[in-house]
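Take a look at the structure set out below.
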Amino acid sequence: MSSNHRTESQALAQADLLSREHCLQLDAQDPLAACRERFTLPAGVIYLDGNSLGAMPAAVPARMRQAIEQEWAVGLIRSWNDADWYPAPQRVGARIAELIGASGSEVIVADSTSVNLFKLLVAALRMRPGRQTILGENGNFPTDAYVAAGVAELTGVQHRAVAPDEVLAALNEDVAVLTLTHVNYKSGQVYDMAAITRRAHEVGALVIWDLAHTAGAMPCELNACEADFAVGCGYKYLNGGPGAPSFAFVATRHQAALRQPITGWHGHATPFAFGQTYTPAPGIDRMLVGTAPQMGLFSLEAALSAFDDVDLQQLRAKSLSLTSLFIALVDQQLSGHGFGLATPRNPALRGSQVSLTHEQGYAIVQALIARGVIGDFRAPDILRFGFAALYLSHADVWDAVTTLKDVMDRRSWATPEFMARKAVT
Ligand SMILES: Cc1ncc(COP(=O)(O)O)c(C=O)c1O
């Protein structure tokens, strides 16, 4: 944490600029303020969990009604052609490509992030025969580590997970593939995609970026960074709904050589020829496996309309304004309550979330949820707050911190009800 950044946020706090009035002024100048109407959120809720499950875009229910009541109920199987169901994975992938700095033919929607990671890890190992290491970091989201370990066991290579600041030094000629999450799910810290990809390529390794906490939260430039592969969730900042399918990116230069291991019929060059031998489709389509989860795809497609005409630089600027404000308010209002900050103060290193630490984190999050401020908790002590710039305001941030202060001042978290752990935290 740089002392410069600490000084900046403390100066902001001391300058007495932090009032609800000031937040309302920031909202009045917000070029994205109107995007809030693109979402349906319940009254009385401040939703700071779009990094886990995005809020529902207002366009989704009508699209789902159309898909269910017309395309399925009336169109029946004809809808694969007549309602353009069949090309939906490519079509939705092309829309997501615009948000992550890829071209339309490099992204496809399929399966879950975990499954796409599996497919790409095996494909990457096949492109680097003889190399014995899958490199990762030890603070990665568990599914990334589990899948890498599973692929290592299956293929006979080793999975090595190092500390985040040791990744560059651990890259060597034995590494076939490096797998990293661009924005860390717990701390919200961002890796330098360009620098890491460059170093990996210098030693001949490939990189798979997990964009679960990047896509829709901040711009990223896969092609400008010469990225090889990426995966990411449809249900977080892309707002596709619970269990919406994930996306996969394969750079054009790798597509012809890519051999992913789940050779299902939708990845075949001619699925409806029903031949008995697998021939992969020529481009990104070879990442497909079986029939796509169409309802989740339609929901995701409708949800992506919330990004129509959104300038991603404005999205990033607003996201940093919200997270910087949250940090400054926590500094100003919550000192002495035992919170730590797990997210970088330096905005350049911050995704679109702020994580606090507290030994009573779980109960505090439950008490906040009971008051309509929804964040989440990640063991052992992280309170996670996601800031989706399309539907949150600076006044929301003020109100959320005011509620948190009240929960702490009154110790309203200290009840058996809030301390008993539920299955999903
Ligand atoms: C960084 C990261 N990767 C992967 C996943 C899991 O994705 P899926 O459930 O689509 O496999 C998550 C879920 O929270 C995540 O945060």
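Computed quantities for the displayed model
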{"quantity": "Pairs beyond 23 Å (Cα-Cα), from Lys186/Lys318; Lys318/Lys422; Lys236/Lys422", "calculated": "Lys318/Lys422"}
{"quantity": "Among Leu404, Leu315, Leu17, residue whose mean-square fluctuation peaks in a GNM of the chain (springs only between Cα atoms under 10 Å)", "calculated": "Leu17"}
{"quantity": "From phi via Karplus (6.51, -1.76, 1.60), per-residue ³J(HN,Hα) for the range 168-173 in Hz, x at Gly/Pro", "calculated": "4, 5, 7, 6, 8, 5"}
{"quantity": "Taking all pairs of distinct alpha-carbon atoms in the chain, Kirkwood radius in angstrom", "calculated": "22.6 Å"}
{"quantity": "Other-chain or far-sequence residues with amide H under 5 Å of Val373's (modelled H)", "calculated": "Ile46"}
{"quantity": "Backbone HN-Hα couplings from phi across the range 251-266 [Karplus 6.51/-1.76/1.60, Hz, Gly and Pro as x]", "calculated": "4, 3, 5, 9, 5, 5, 8, 5, 10, 8, x, 9, 7, x, 5, 6"}
{"quantity": "Accessible-area composition of the range 383-425, carbon plus sulfur, in percent [1.4 Å probe]", "calculated": "56 percent"}
{"quantity": "Highest to lowest packing among 165-173, 91-99, scored as the average C-beta count within 10 Å", "calculated": "91-99, 165-173"}
{"quantity": "The range 86-307 - percent of accessible surface contributed by carbon and sulfur, probe 1.4 Å", "calculated": "56 percent"}
{"quantity": "The range 86-307, accessible area per residue, ligands and nucleic acids excluded (1.4 Å, Å²)", "calculated": "36 Å²"}
{"quantity": "D_trans [Stokes-Einstein, Kirkwood Rh over alpha-carbon pairs] for the range 275-425, 10 °C, 1.306 mPa s, µm² s⁻¹", "calculated": "88 µm²/s"}
{"quantity": "Convex hull volume of the range 66-117 per residue (C-alpha atoms, cubic angstrom)", "calculated": "97 Å³"}
{"quantity": "Using alpha carbons only: equivalent-ellipsoid semi-axes of the range 206-248, gyration tensor based, whole Å", "calculated": "20, 11, 6"}
{"quantity": "Between helix 394-410 and the chain: long-axis angle, C-alpha atoms, 0 to 90°, nearest 10", "calculated": "60 degrees"}
{"quantity": "The range 358-425 - accessible surface per residue (Å², probe 1.4 Å)", "calculated": "41 Å²"}
{"quantity": "Karplus (6.51, -1.76, 1.60) ³J(HN,Hα), θ = phi - 60°, over the range 18-29, in Hz, Gly and Pro reported as x", "calculated": "8, 10, 5, 4, 4, 4, 5, 5, 4, 5, 5, 9"}
{"quantity": "Among Asn239, Asn51, Asn138: highest mean-square fluctuation, GNM of the chain, C-alpha pairs under 10 Å", "calculated": "Asn138"}
{"quantity": "Distant-in-sequence amide H partners of Val162 (H built 1.01 Å from N, under 5 Å)", "calculated": "Gly136, Glu137, Asn138"}
{"quantity": "For the range 262-297 and the range 361-425, distance of Cα centres in Å", "calculated": "43 Å"}
{"quantity": "Highest-MSF residue in the chain out of Leu356, Leu238, Leu180 [GNM, Cα springs under 10 Å]", "calculated": "Leu356"}
{"quantity": "Helix 193-202 axis, angle to the chain major axis (alpha carbon atoms, nearest 10°)", "calculated": "40 degrees"}
{"quantity": "Relative contact order (%) - criterion: Cα under 8 Å, at least six apart; region: the chain", "calculated": "23 percent"}
{"quantity": "Rounded tilt (10° steps) of 361-370 against the dominant C-alpha axis of the chain", "calculated": "80 degrees"}
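The values are calculated or read from the model by the stated rules, or taken from the named source; none is laboratory data. No experiment lies behind these values; they were computed from the predicted model shown. Counting neighbours? That spans all protein chains shown, and the Cβs are built from the backbone with ideal geometry, glycine included. When the accessible area is computed, the model is the full protein with side chains, heavy atoms only, and any ligands, DNA or RNA have been set aside. Shrake-Rupley method; radii C 1.70, N 1.55, O 1.52, S 1.80 Å.
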